[in-house]
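Asks: Input: one structure, supplied below.
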Amino acid sequence: MVLEWCKLIKKLGAGKFGCVSLYENHLTHQRYAVKEFFPRKARSTEFLSTATSEKENFNHFINIMKIPAGQAIVENGKLIMPFFTGKEPSWEEIQEYLLKMYKSGFVMADPKPNNFMHTQYGLMPIDYGAVFDINDPVFMKNLLARNFTVDAVLTYSKAFKAGTGLAEAYNKLHSDELIVLDDEDDEEESIVLTLPAFFTKLSVQSTAQPTLVIGDVTQKKSDSSSPHSFFKSPSSEPASAPASQLAISTK
(Lines give C-alpha, C1' and ligand atoms only; values in the text may rest on other atoms or scores of the structure.)
Protein backbone atom coordinates (compact mmCIF):
# COMPACT_ATOMS: atom_id res chain seq x y z
CA MET A 1 0.00 0.00 0.00
CA VAL A 2 1.67 3.20 -1.21
CA LEU A 3 -0.12 5.68 1.04
CA GLU A 4 0.79 3.72 4.19
CA TRP A 5 4.34 4.99 3.76
CA CYS A 6 3.39 8.53 2.80
CA LYS A 7 2.55 11.71 4.63
CA LEU A 8 0.30 14.50 3.45
CA ILE A 9 2.31 17.55 2.41
CA LYS A 10 -0.47 19.88 1.30
CA LYS A 11 -3.73 20.19 -0.57
CA LEU A 12 -3.15 21.15 -4.19
CA GLY A 13 -6.74 21.91 -5.11
CA ALA A 14 -10.33 21.12 -4.22
CA GLY A 15 -13.83 21.68 -5.52
CA LYS A 16 -17.30 20.21 -5.38
CA PHE A 17 -16.24 17.31 -7.61
CA GLY A 18 -13.08 16.17 -5.83
CA CYS A 19 -9.71 17.17 -4.44
CA VAL A 20 -6.02 16.69 -5.23
CA SER A 21 -3.31 16.45 -2.58
CA LEU A 22 0.48 16.14 -2.52
CA TYR A 23 1.91 13.17 -0.62
CA GLU A 24 5.52 12.18 0.05
CA ASN A 25 7.00 8.79 0.91
CA HIS A 26 8.88 9.40 4.16
CA LEU A 27 11.46 6.70 3.29
CA THR A 28 12.20 7.35 -0.40
CA HIS A 29 10.96 10.98 -0.55
CA GLN A 30 9.08 10.08 -3.73
CA ARG A 31 6.17 12.50 -4.24
CA TYR A 32 2.71 11.67 -5.54
CA ALA A 33 -0.35 13.58 -6.67
CA VAL A 34 -3.37 11.89 -5.08
CA LYS A 35 -6.83 12.60 -6.49
CA GLU A 36 -9.93 11.77 -4.50
CA PHE A 37 -13.26 11.58 -6.34
CA PHE A 38 -16.44 12.64 -4.54
CA PRO A 39 -19.42 10.34 -5.28
CA ARG A 40 -22.51 12.14 -6.60
CA LYS A 41 -25.22 11.87 -9.22
CA ALA A 42 -24.67 13.51 -12.56
CA ARG A 43 -26.99 15.95 -14.27
CA SER A 44 -28.08 15.26 -17.82
CA THR A 45 -25.37 15.61 -20.49
CA GLU A 46 -22.56 15.41 -17.92
CA PHE A 47 -19.48 13.24 -18.28
CA LEU A 48 -18.19 11.01 -15.52
CA SER A 49 -14.62 10.31 -14.52
CA THR A 50 -13.40 7.57 -12.21
CA ALA A 51 -10.07 6.85 -10.59
CA THR A 52 -9.83 3.69 -12.68
CA SER A 53 -10.51 5.37 -16.03
CA GLU A 54 -7.95 8.11 -15.38
CA LYS A 55 -5.38 5.55 -14.26
CA GLU A 56 -5.89 3.57 -17.47
CA ASN A 57 -5.74 6.73 -19.61
CA PHE A 58 -2.48 7.87 -18.01
CA ASN A 59 -0.72 4.50 -18.14
CA HIS A 60 -1.75 3.93 -21.76
CA PHE A 61 -0.64 7.43 -22.79
CA ILE A 62 2.83 7.29 -21.24
CA ASN A 63 3.34 3.83 -22.75
CA ILE A 64 2.45 4.88 -26.31
CA MET A 65 4.25 8.23 -26.03
CA LYS A 66 7.29 6.56 -24.42
CA ILE A 67 7.33 8.82 -21.37
CA PRO A 68 9.51 7.16 -18.68
CA ALA A 69 7.32 8.19 -15.74
CA GLY A 70 6.02 5.87 -13.03
CA GLN A 71 2.68 4.14 -13.50
CA ALA A 72 -0.50 5.44 -11.89
CA ILE A 73 -2.36 3.18 -9.47
CA VAL A 74 -5.67 3.20 -7.60
CA GLU A 75 -5.69 2.64 -3.87
CA ASN A 76 -8.85 2.73 -1.74
CA GLY A 77 -10.66 4.54 -4.53
CA LYS A 78 -7.97 7.25 -4.83
CA LEU A 79 -5.92 7.89 -7.95
CA ILE A 80 -2.18 7.97 -7.21
CA MET A 81 0.04 9.47 -9.93
CA PRO A 82 3.59 10.78 -10.19
CA PHE A 83 3.81 14.40 -9.07
CA PHE A 84 4.98 16.74 -11.84
CA THR A 85 6.35 20.24 -11.45
CA GLY A 86 7.03 22.81 -14.12
CA LYS A 87 5.46 25.71 -15.96
CA GLU A 88 2.38 25.97 -18.11
CA PRO A 89 2.82 26.09 -21.90
CA SER A 90 1.63 28.84 -24.21
CA TRP A 91 -1.27 28.36 -26.60
CA GLU A 92 1.23 28.09 -29.45
CA GLU A 93 3.02 25.25 -27.67
CA ILE A 94 -0.30 23.50 -27.06
CA GLN A 95 -1.10 23.78 -30.78
CA GLU A 96 2.07 21.91 -31.69
CA TYR A 97 1.62 19.33 -28.95
CA LEU A 98 -1.97 18.55 -29.95
CA LEU A 99 -0.68 17.78 -33.44
CA LYS A 100 1.97 15.50 -31.94
CA MET A 101 -0.68 13.76 -29.84
CA TYR A 102 -2.96 13.28 -32.83
CA LYS A 103 -0.21 11.71 -34.91
CA SER A 104 0.12 9.14 -32.12
CA GLY A 105 -3.64 8.55 -32.04
CA PHE A 106 -4.69 10.76 -29.11
CA VAL A 107 -7.11 13.67 -28.75
CA MET A 108 -7.57 16.05 -25.83
CA ALA A 109 -11.07 17.29 -25.00
CA ASP A 110 -9.90 19.90 -22.48
CA PRO A 111 -6.75 21.44 -24.05
CA LYS A 112 -6.25 24.48 -21.84
CA PRO A 113 -2.82 25.57 -20.55
CA ASN A 114 -3.28 24.42 -16.95
CA ASN A 115 -3.95 20.86 -18.13
CA PHE A 116 -0.43 20.68 -19.62
CA MET A 117 2.99 21.20 -18.10
CA HIS A 118 6.65 21.39 -19.07
CA THR A 119 7.86 18.52 -16.88
CA GLN A 120 11.22 16.79 -16.50
CA TYR A 121 10.00 14.55 -19.36
CA GLY A 122 9.09 17.46 -21.60
CA LEU A 123 5.69 18.92 -22.40
CA MET A 124 2.82 16.57 -21.55
CA PRO A 125 -0.75 16.56 -20.23
CA ILE A 126 -1.11 16.42 -16.46
CA ASP A 127 -4.85 15.69 -16.36
CA TYR A 128 -5.97 12.48 -18.04
CA GLY A 129 -9.72 12.62 -17.72
CA ALA A 130 -9.95 14.13 -21.21
CA VAL A 131 -7.14 12.33 -23.06
CA PHE A 132 -8.64 9.78 -25.44
CA ASP A 133 -7.21 7.17 -27.82
CA ILE A 134 -9.05 7.47 -31.14
CA ASN A 135 -8.09 3.92 -32.08
CA ASP A 136 -9.76 2.56 -28.93
CA PRO A 137 -13.15 1.02 -29.85
CA VAL A 138 -14.50 1.93 -26.40
CA PHE A 139 -13.90 5.63 -27.06
CA MET A 140 -15.21 5.45 -30.62
CA LYS A 141 -18.45 3.91 -29.32
CA ASN A 142 -18.74 6.51 -26.57
CA LEU A 143 -20.88 9.15 -28.25
CA LEU A 144 -20.82 11.65 -25.39
CA ALA A 145 -17.04 11.52 -25.12
CA ARG A 146 -16.69 12.05 -28.86
CA ASN A 147 -19.08 14.99 -28.94
CA PHE A 148 -17.37 16.55 -25.94
CA THR A 149 -14.05 16.24 -27.78
CA VAL A 150 -15.56 17.99 -30.80
CA ASP A 151 -16.79 20.77 -28.49
CA ALA A 152 -13.15 21.56 -27.66
CA VAL A 153 -12.73 23.07 -31.13
CA LEU A 154 -15.12 25.88 -30.16
CA THR A 155 -14.32 26.09 -26.47
CA TYR A 156 -10.55 26.20 -26.96
CA SER A 157 -10.13 27.56 -30.48
CA LYS A 158 -6.69 28.93 -29.54
CA ALA A 159 -5.44 25.35 -29.16
CA PHE A 160 -6.03 24.49 -32.83
CA LYS A 161 -3.51 25.78 -35.35
CA ALA A 162 -5.16 27.09 -38.51
CA GLY A 163 -4.36 25.29 -41.74
CA THR A 164 -3.25 22.02 -40.14
CA GLY A 165 -6.56 20.18 -40.50
CA LEU A 166 -6.62 19.24 -36.82
CA ALA A 167 -9.89 21.06 -36.07
CA GLU A 168 -11.49 19.32 -39.04
CA ALA A 169 -10.20 15.96 -37.79
CA TYR A 170 -11.74 16.60 -34.36
CA ASN A 171 -15.04 17.56 -36.00
CA LYS A 172 -15.17 14.18 -37.75
CA LEU A 173 -15.72 12.63 -34.32
CA HIS A 174 -19.17 14.25 -34.03
CA SER A 175 -22.08 11.87 -33.51
CA ASP A 176 -25.83 12.52 -33.83
CA GLU A 177 -27.04 9.94 -31.37
CA LEU A 178 -28.42 9.98 -27.81
CA ILE A 179 -27.21 7.82 -24.94
CA VAL A 180 -29.49 7.38 -21.93
CA LEU A 181 -28.54 5.56 -18.75
CA ASP A 182 -31.81 4.34 -17.21
CA ASP A 183 -32.34 3.61 -13.51
CA GLU A 184 -33.59 0.03 -13.36
CA ASP A 185 -31.92 -0.94 -10.08
CA ASP A 186 -32.73 0.89 -6.84
CA GLU A 187 -29.44 -0.28 -5.32
CA GLU A 188 -27.30 1.56 -7.84
CA GLU A 189 -27.01 5.19 -8.85
CA SER A 190 -28.21 5.83 -12.37
CA ILE A 191 -27.09 8.66 -14.59
CA VAL A 192 -29.04 10.17 -17.48
CA LEU A 193 -26.84 11.59 -20.23
CA THR A 194 -29.02 13.71 -22.50
CA LEU A 195 -28.33 15.18 -25.94
CA PRO A 196 -30.83 16.92 -28.29
CA ALA A 197 -34.23 15.22 -28.58
CA PHE A 198 -33.90 14.15 -32.21
CA PHE A 199 -31.09 11.73 -31.34
CA THR A 200 -31.63 7.96 -31.16
CA LYS A 201 -31.94 6.41 -27.69
CA LEU A 202 -29.72 3.67 -26.32
CA SER A 203 -29.79 2.16 -22.84
CA VAL A 204 -26.70 1.07 -20.91
CA GLN A 205 -25.94 0.22 -17.29
CA SER A 206 -24.40 2.78 -14.92
CA THR A 207 -21.20 2.37 -12.96
CA ALA A 208 -21.29 1.54 -9.26
CA GLN A 209 -18.01 3.15 -8.22
CA PRO A 210 -17.58 6.77 -7.06
CA THR A 211 -17.45 9.15 -10.00
CA LEU A 212 -16.37 12.68 -10.76
CA VAL A 213 -18.73 14.80 -12.85
CA ILE A 214 -16.63 16.83 -15.18
CA GLY A 215 -18.41 18.33 -18.16
CA ASP A 216 -21.59 19.20 -20.02
CA VAL A 217 -21.87 18.83 -23.78
CA THR A 218 -24.41 21.65 -23.94
CA GLN A 219 -21.96 24.18 -22.51
CA LYS A 220 -19.62 26.19 -24.72
CA LYS A 221 -17.81 27.93 -21.90
CA SER A 222 -15.02 26.06 -20.15
CA ASP A 223 -15.08 25.26 -16.43
CA SER A 224 -11.56 25.76 -15.14
CA SER A 225 -12.48 24.30 -11.74
CA SER A 226 -12.83 20.72 -12.93
CA PRO A 227 -11.15 18.33 -15.40
CA HIS A 228 -13.16 16.47 -18.04
CA SER A 229 -13.45 12.78 -18.77
CA PHE A 230 -15.69 10.12 -20.23
CA PHE A 231 -17.88 7.29 -19.04
CA LYS A 232 -17.34 4.08 -20.99
CA SER A 233 -20.76 3.31 -22.43
CA PRO A 234 -21.22 1.07 -25.49
CA SER A 235 -23.43 1.92 -28.44
CA SER A 236 -24.32 0.46 -31.79
CA GLU A 237 -23.04 3.40 -33.84
CA PRO A 238 -20.23 2.52 -36.28
CA ALA A 239 -16.89 4.06 -35.41
CA SER A 240 -15.51 7.00 -37.34
CA ALA A 241 -12.22 6.77 -39.19
CA PRO A 242 -9.23 6.23 -36.88
CA ALA A 243 -6.58 8.89 -36.47
CA SER A 244 -4.30 7.25 -39.01
CA GLN A 245 -6.91 7.78 -41.75
CA LEU A 246 -7.45 11.51 -41.17
CA ALA A 247 -5.10 13.83 -43.03
CA ILE A 248 -3.17 16.29 -40.88
CA SER A 249 -0.74 18.92 -42.12
CA THR A 250 2.08 20.19 -39.93
CA LYS A 251 2.94 23.06 -42.23
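The values are calculated or read from the model by the stated rules, or taken from the named source; none is laboratory data. Predicted model only: the values in this text are computed from it and were never measured. So basically every Cβ, Gly included, is an ideal-geometry build from the backbone, and we count neighbours across all protein chains shown.
Asks: Just to be sure I understand, how many residues within segment 153-164 are in contact with a Ser or Thr (Cβ under 9 Å, 6 or more places away or on another chain) and either among the β-branched types (Val, Ile, Thr) or buried (at least 20 other Cβ atoms within 10 Å of the Cβ) (or both)?
Replies: Looking only at that region, the number is 3.
Asks: Could you please give the count of residues in segment 103-116 that are in contact with a Ser or Thr (Cβ under 9 Å, 6 or more places away or on another chain) and part of a helix (DSSP H, G or I)?
Replies: 3
Asks: Just to check your reading of the model, which residue among 88, 46, 93 is at pLDDT below 95 and surrounded by 14 or more Cβ atoms within 10 Å (Cβ to Cβ)? Write out each step before concluding.
Replies: Working: 88 fails: at pLDDT below 95; 93 fails: at pLDDT below 95.
The unique qualifying residue is 46.
Asks: Given 141, 161, which one is farther than 27 Å from residue 20 by Cα, modelled with pLDDT of 95 or more and in contact with an Asp or Glu (Cβ under 9 Å, 6 or more places away or on another chain)?
Replies: Just a single option satisfies the conditions, and that option is 161.
Asks: Then there is this: Against the condition hydrophobic (A, V, I, L, M, F, W, C), at pLDDT 95 or above, touching a strand residue (DSSP E or B) at 6+ places or on another chain (Cβ under 8 Å) and closer than 23 Å to residue 148 by Cα, how does residue 106 come out, does it pass?
Replies: Yes.
Asks: Hey, can you tell me all the residues within segment 85-114 that are in contact (Cβ under 8 Å) with a residue 24 or more places away in the chain, more than 25 Å from residue 137 (Cβ to Cβ) and of a type in the set (S, T, N, Q)?
Replies: Scanning segment 85-114 gives 85, 95, 114.
Asks: Can you name the residue in segment 117-147 that is among the hydrophobic types (A, V, I, L, M, F, W, C) and part of a strand (DSSP E or B) and is also surrounded by the most Cβ atoms within 10 Å (Cβ to Cβ) among such residues?
Replies: In this case the residue turns out to be 132.
Asks: Further question on the same structure: Applying the selection to segment 80-102, what residues are in contact with a strand residue (DSSP E or B) (Cβ under 7 Å, 6 or more places away or on another chain), within 27 Å of residue 155 (Cα to Cα) and not in a loop (DSSP other than H, G, I, E, B)?
Replies: Within segment 80-102, 87, 93, 94, 97, 98, 101 qualify.
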